[in-house]
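Here the structure comes first, spelled out in structure tokens, and everything after it is commentary.
The values are calculated or read from the model by the stated rules, or taken from the named source; none is laboratory data. Since this is a predicted model, take the numbers as computed values, not measurements. Glycine also receives a Cβ, built like all others from the backbone with ideal geometry; neighbour counts cover every protein chain displayed. Quick note on the areas: whole protein, heavy atoms, side chains included, nothing else; ligands and nucleic acids left out. Shrake-Rupley method; radii C 1.70, N 1.55, O 1.52, S 1.80 Å.
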Amino acid sequence: MTSGTAPRYSVRRLMLWIALALALYVFFQLVPILLADGVFQVDDFVEYWSAGRLVLNGQDPYSTEAMEALQTSMGRTRTVMMWNPPMVLVLAIPLGALPYAQARMVWYLLQVSLAVVAASWLWEVYGGDRRKRWIAWLIACGFSATFSAL
């Protein structure tokens, strides 16, 4: 590295960190609003959270009446049942221990993180430069199927 390129590299790195900090700030400001109760009435997360919450309260997570009572108390107009096998409760129980909005944010962050990790792995498998991994992240996060899955 020559002395002529060092300052430009430092400025570029600083700008990248500032952009990342700004993106995280915006993310943490918007996500709680978007994930709050009642913003999106149609999602499948509520079924897993409700099942985890019911198990923690000693109730049957496969009971239509119990799921309906819990989800109605949250302001839901449509009850969503969890028909997955009991082994899925291993994931649902920790989420059910948190308040709904916080659990949904944790779940959302986990999904985004897994999408970024998968994009990084694919980037490396297909011979991408590790320093340009961010391109794979942009592609993955800009892909409409990723938004649909989230």
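Hey, what's the chain come to in accessible area per residue, 1.4 Å probe, Å²?
For the chain, the per-residue accessible area is 69 Å².
Largest first, how would MET82, MET105 line up by accessible area (1.4 Å probe)?
My answer, sorted largest first, is MET105, MET82.
Mind ordering 15-22, 93-100, 49-56, 130-137 by average Cβ neighbours within 10 Å, highest first?
The packing order, highest mean first, is 49-56, 93-100, 130-137, 15-22.
From Cα pairs below 8 angstrom and at least 6 apart in sequence, can you work out the relative contact order of the chain, rounded to a whole percent?
Computed value for the chain: 20 percent relative contact order.
Using Cα pairs closer than 8 Å and at least 6 residues apart in sequence, work out the relative contact order for the stretch 76-150, in percent.
Relative contact order here is 24 percent.
For the stretch 60-150, what size does the Cα cloud have along each of its three principal axes, sorted from largest down, in whole Å?
Ordered largest first, the stretch 60-150 gives principal extents of 53, 26, 21 Å.
Could you tally the net charge around SER120, taking each other residue with its Cβ under 15 Å from the Cβ of SER120, Lys/Arg +1 and Asp/Glu -1?
Neighbour charge sum, excluding SER120 itself: +2.
Taking 0.36 nm per residue of separation and subtracting the Cα-Cα distance, what length does fully extending LEU98 through LEU16 add?
Full-extension gain reported as 26.2 nm.
Over the chain, with every protein chain in place, what whole percent of the accessible area is carbon and sulfur at 1.4 Å, could you tell me?
Using a 1.4 Å probe with all protein chains present, the chain comes out at 69 percent carbon and sulfur.
Note down the nm distance, to one decimal, between modelled labels 7 Å out along Cα→Cβ at ASP60 and at THR79.
Computed distance between label sites ASP60 and THR79 equals 1.2 nm.
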